[in-house]
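The values are calculated or read from the model by the stated rules, or taken from the named source; none is laboratory data. On a predicted model such as this, the values are computed, not experimentally measured, just so you know. So basically every Cβ, Gly included, is an ideal-geometry build from the backbone, and we count neighbours across all protein chains shown.
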Amino acid sequence: MELTYLTIILAIVSLWHKKLPNLWGYLLGLALLVGVYREVVQIEGVLYTVVYIVTAILAIRRKFSINGYELSTEAKPIIHSAFIVIFVVLTLLLLHHSVPFYEPWILYSDIVLHENSPATGMSIKLDNAVVGVVIIALATTRASTLQQWKTLLYKSLPYNVGTVAILISIAVYFNFLQFSFVESNYIVPTLISFLFFTCLAEEAFFRVYVQGNLEMKWSNKRYGNVSALMVASLIFGLAHYQGGPYLVLVATLAGIGYGLCYQKTGRVEAAIIAHFCLNSFHFVFLTYPHALQ
C-alpha cells in the first residue's frame, strides 16, 4: 500500500489508543509530510488541512490554543456561528473531493467486477480520511474497553441487520440490484477503502456532527431526537445527489438506519459498522443490472 495512506490509516486506528490520545495528530501530520514527498498531497493541501483543523477546533470545541496564544469563540456566538458555517463548507468540499490539492490513488480502473455490470474503478484520496480523523478526535468519546464494544455491538445489532435486510430487499425487489458475487481479487482493497475512507468520514460528519448537534439543540422539544434523526438522514441522502434520485432515496433510508445505531448507542463506532456492513454486502454480493441499459 502507498505509504501515505498506510500512515493515515494508522492515524485513524490510533484514535482508539486510550493511552496516547494525541497520537492521531502526529500521525496525521506525518501522513501529510509523506504525501508531499510522494507527490500525493500538494503543499496547498497541507495548508488546507491545517486551516480545517483550526476551524474544526473553534467550531466544535470553541477554543484553540498553542504556545500560550488562545483564540476562543465561547463568548462570541456570532463568531462561533461563522466558524460553524466555514467548517461545514470546508467539510463538504473535502467529502465531495472538490479540493484539488489531494491526488487520488487508483486502486483499480475499467474493471468488470460483476457479471452483467459495467466496467468501474476505485480510487482513494486523503481528503475524506482527514474529515474522519479530525471530527472523531474532537467530537467523540471512543469505546475503550471490551465491555463498551460488546454493549454497542449488542445494542446496534437489530438496527444494523434491519438496515441491510430492508434496503437490500427493496433494491432487489425493484430490480435496482441483483445478486452476483464480485471478482475476489478486488474485495480487500475495496473494503479497506470503504471502512477508512468512506464510512468513517461520512458517519463522523453526518451522524456525530450533524445529528449529534441537532439532538442537543432540540433536546427539550417533543420528538427532538426523531426530528434530528430524520433531518440528518435527509441531508445525508441529498449529499448523494450526484447518483440521481434513486441513490438519494436509498442513502436517506440508509442514513435512518445508521442514525438509529448512533442514537441507540451514543457511539460513532456503531454507525460506522452499520455503514460498512451495508456497503460491503452490497459490493460483494450485488450488482446494478440497470446500469447497462
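Selection of segment 231-251 for residues being closer than 16 Å to residue 93 by Cα and surrounded by fewer than 16 Cβ atoms within 10 Å (Cβ to Cβ) yields 238, 241, 242. Note on segment 117-163: residues that are under 30 Å from residue 98 (Cβ atoms) and either surrounded by 14 or more Cβ atoms within 10 Å (Cβ to Cβ) or modelled with pLDDT of 95 or more (or both) total 23.
Taken over segment 1-55, the residue count meeting the criterion of being within 26 Å of residue 190 (Cα to Cα) and acidic (Asp, Glu) is 2. Among the residues of segment 260-281, the one identified as small (Gly, Ala, Ser), surrounded by fewer than 19 Cβ atoms within 10 Å (Cβ to Cβ) and in a helix (DSSP H, G or I) is 280. Residue pairs whose Cβ atoms lie under 9 Å apart, sitting 6 or more positions apart in sequence or on different chains, and linking a residue in segment 72-90 that is without any contact (Cβ under 8 Å) to a residue 40 or more places away in the chain to a partner that is among the basic types (Lys, Arg) and outside any loop (DSSP other than H, G, I, E, B), are 72/63; 73/63; 74/63. Might you let me know whether segment 31-49 holds any residue that is hydroxyl-bearing (Ser, Thr, Tyr) and touching a Ser or Thr at 6+ places or on another chain (Cβ under 9 Å)? Yes, segment 31-49 contains a residue that is hydroxyl-bearing (Ser, Thr, Tyr) and touching a Ser or Thr at 6+ places or on another chain (Cβ under 9 Å). Of all residue pairs spaced 6 or more apart or on separate chains, those with beta-carbon atoms under 6 Å, a first member in segment 210-222 that is over 20 Å from residue 239 (Cβ atoms) and a second member that is modelled with pLDDT under 95 and not aromatic (Phe, Trp, Tyr) are 218/224. Hey, among the residues in segment 100-116 that are surrounded by 20 or more Cβ atoms within 10 Å (Cβ to Cβ) and not in a strand (DSSP E or B), which one's modelled with the highest pLDDT? Among those residues, the one meeting the criterion is 113. Scan segment 210-247 for residues that are on the phi > 0 side of the Ramachandran plot and of a type outside the set (Gly, Ala, Ser) and jot them down. Passing the criteria: only 223. Across segment 17-32, the number of residues qualifying as free of Cβ contacts under 8 Å to residues at least 24 places away in the same chain, part of a helix (DSSP H, G or I) and under 18 Å from residue 140 (Cα atoms) comes to 1.
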